[in-house]
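The values are calculated or read from the model by the stated rules, or taken from the named source; none is laboratory data. All of these numbers come straight from a predicted model, not from anything done at the bench. Every residue, glycine as well, gets a Cβ built from its backbone with ideal geometry; the counts of neighbours run over all protein chains shown. Remember, those area values only see protein heavy atoms, side chains included, never the ligands or the DNA or RNA. Shrake-Rupley method; radii C 1.70, N 1.55, O 1.52, S 1.80 Å.
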Amino acid sequence: MSNPVLVEVTRGSLVESRHRGMVIAVDGEGRVVFSAGAVDAPVFPRSACKAMQALPLVESGAADRYGFGNRELAIACASHSGEDDHAALAASMLARAGLDEEALECGAHWSFDQGPLIHQARTLARPSALHNNCSGKHAGFVCAACHTGMTVAGYVTYEHPLQAEIRAIMADLTGAVLAHDNCGTDGCSIPTYAVPLDGLARGFGRMLTGSGLQPLRARAATRLIEACMAEPFYVAGTRRFCTLLMEVAPGRIFAKTGAEGVYCALLPEQGISIAVKCEDGASRAAESMVAAALARFFEPGSEPRERLLAMANHTMKNWNGIEVGTVRAAPSLFEAA
């Protein structure tokens, strides 16, 4: 099926760009509350599934052994901006396991965000692996491997026992078969698996509710989700969209982006899990889609709903501050039938 246009971008009085996509919301029992597009199509969740990948860190007891609190667990689920506090926290996690940045196999890059990038260029000769947006996740991998006696070297490979454990966890949560056939390599070098978007939503829904999970996994999932909501800066960073979404209603929204236009979000009070994929991979459209989908589940006129709608539907300005157009989500995303 052809996915519907879910976001339009205007310039002047004309539509300049259209973004097609898929979105699904499920309740605590996995029942579809709302959907649009081919939600059974496989997508690479990329970094949107980092909370799933962080489960071994908690389930193994590594997080407790190394004294990790909400900040450490949040950055283990993060795609951060490489700000000083992010790099320092990832380094601290490694130090508690007796290691340093040399143990990381995620590679190094300058920040993707202009503010932190300018700061890095002024203060660093070059970025280290600690500045990689996935350094917190990888620090969590290293700590989990150390605690359980796994060899740390090669922890990013498909064959490594830690990645095999993560693969089994994700298969259990999403109901998808994960193997070489639907495996790619993520930007930080770990395996990434294409799963149906509806399976991704149900997987996060199970993490939220604990439905069908063993008590240990249910507790670990709750701990990770609550840590991210408690420390949204460490999930993303200054003025980053994930952080801003969770700041709209503290403790009431979990949100995590992935590359190429993927978002996963949770509403704990309502027991709702949401997954979004912008077909062309555009971040601006995926952000509009997830904000609108979240707004759908807040009371009309409430402050969270209005703030989310303002994030989903907003004007664009040029470098002189002149309004040049709008980004607008399809009303079907936020208006219940």
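Can you put THR185, THR326, THR148 in order of accessible area, largest first, using a 1.4 Å probe?
Values: THR185 110, THR326 45, THR148 70 Å².
Result, largest first: THR185, THR148, THR326.
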Among the lysines, select those whose C-alpha is under 28 Å from the C-alpha of LYS317, and discard any that sit fewer than 8 residues away in the same chain. LYS256, LYS277
Relative counts (whole %) of C-alpha pair distances in the range 1-46, using bins that are 5 Å wide: 5, 17, 20, 19, 17, 11, 6, 3, 1
Backbone HN-Hα couplings from phi across the range 103-118 [Karplus 6.51/-1.76/1.60, Hz, Gly and Pro as x]: 6, 6, 10, 8, x, 10, 7, 5, 4, 7, 9, 4, x, x, 4, 4
Once the dipole of the chain is set up with Lys and Arg at +1 and Asp and Glu at -1 on Cβ about the Cα centre, which of TYR158, ILE190, MET22 lies farthest towards its positive end? MET22
How far is helix 135-148 tilted, in degrees, relative to the longest principal axis of the Cα atoms in the chain, given as a value from 0 to 90 rounded to the nearest 10? 40 degrees
Between THR192 and residues 5 or more places away or on another chain, which pairs have amide H atoms under 5 Å apart, with H built 1.01 Å from N, and which residues are they? GLY184, THR185, ASP186
1.4 Å probe accessible area per residue over the range 5-333, in Å²: 40 Å²
Taking Cα atoms, the helix 303-312 axis meets the longest principal axis of the chain at an angle in degrees (rounded to 10) of 90 degrees
Would you mind checking which residues have amide H under 5 Å from ALA330's amide H? H placed 1.01 Å from N; only 5 or more apart, or other chain. VAL7, GLU8
Under a crude label model (7 Å from the Cα following the beta-carbon direction), how far is ALA164 from THR148 in nanometres? 1.0 nm
With everything on Cα atoms, drop me the angle between helix 161-174 and the longest principal axis of the chain, reported from 0 to 90° to the nearest 10. 30 degrees
hull vol. (C-alpha, convex hull) per residue for the range 197-270, Å³ -> 92 Å³
Lone cysteines in the chain, going by a 4.7 Å Cβ-Cβ cut-off? CYS49, CYS77, CYS143, CYS146, CYS183, CYS228, CYS242, CYS264, CYS278
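Over the alpha-carbon set of the range 119-180, divide Rg by the Kirkwood Rh and report the Rg/Rh ratio to two decimals.
Values: Rg = 15.3 Å, Rh = 13.6 Å.
A ratio of 1.12.
Suppose R0 equals 41 Å; then what is the FRET efficiency for HIS180 and ILE322 from their Cβ-Cβ distance, rounded to the nearest 0.05? Could the numbers behind the result be given before it?
On the way: r = 51 Å, r/R0 = 1.25.
Between HIS180 and ILE322 the formula returns 0.20.
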Determine, at each q value in 0.08, 0.11, 0.12 (inverse angstroms), the log₁₀ of I(q)/I(0) that the Debye formula gives when each Cα of the range 5-333 is one equal point scatterer. -0.35, -0.66, -0.79
Taking protein heavy atoms only, a 1.4 Å probe, and rounding to whole percent, the accessible area of the range 5-333 owed to carbon and sulfur comes out at 50 percent
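Within the range 133-230, which GluC sites (Glu not before Pro) sit in a loop by DSSP and count at most 11 neighbouring Cβ atoms inside 10 Å?
Values: sites: GLU159, GLU165, GLU226; in loops: GLU159.
Listed in order of number, the matching sites are GLU159.
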For SER111, enumerate residues with amide H under 5 Å from its amide H, sequence gap 5+ or separate chain, H modeled in the peptide plane. none
For the range 92-102, in residue order, the Karplus 3J(HN,Hα) values (coefficients 6.51, -1.76, 1.60; θ = phi - 60°; whole Hz; Gly and Pro = x) are 4, 4, 5, 4, 5, 9, x, 10, 9, 4, 5
In sequence order, what are the phi-derived ³J(HN,Hα) couplings for the range 47-60 according to the Karplus relation 6.51 cos²θ - 1.76 cosθ + 1.60 with θ = phi - 60°, rounded to whole Hz, with x for glycine and proline? 6, 5, 9, 4, 5, 5, 5, 8, 4, x, 4, 8, 4, 6
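Mind putting a number on the dipole of the chain about its Cα centre? Charges go on the C-beta only, +1 for Lys and Arg and -1 for Asp and Glu, and I need it in Debye to the nearest 20. Numbers along the way, then the final one.
On the way: 29 positive and 35 negative charges, 60 e Å.
With Lys and Arg at +1 and Asp and Glu at -1, about 280 debye.
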Could you tell me what a quarter of the Cα convex hull surface of the range 200-337 works out to, in nm² with one decimal place? 9.3 nm²
Considering the range 52-117, what Rg and Dmax in Å follow from its alpha-carbon atoms? 12.5, 37
When a/c reaches 1.5 or more, the comparison of a/b and b/c decides; with that in mind, is the range 225-304 rounded, prolate or oblate per its Cα gyration tensor? oblate
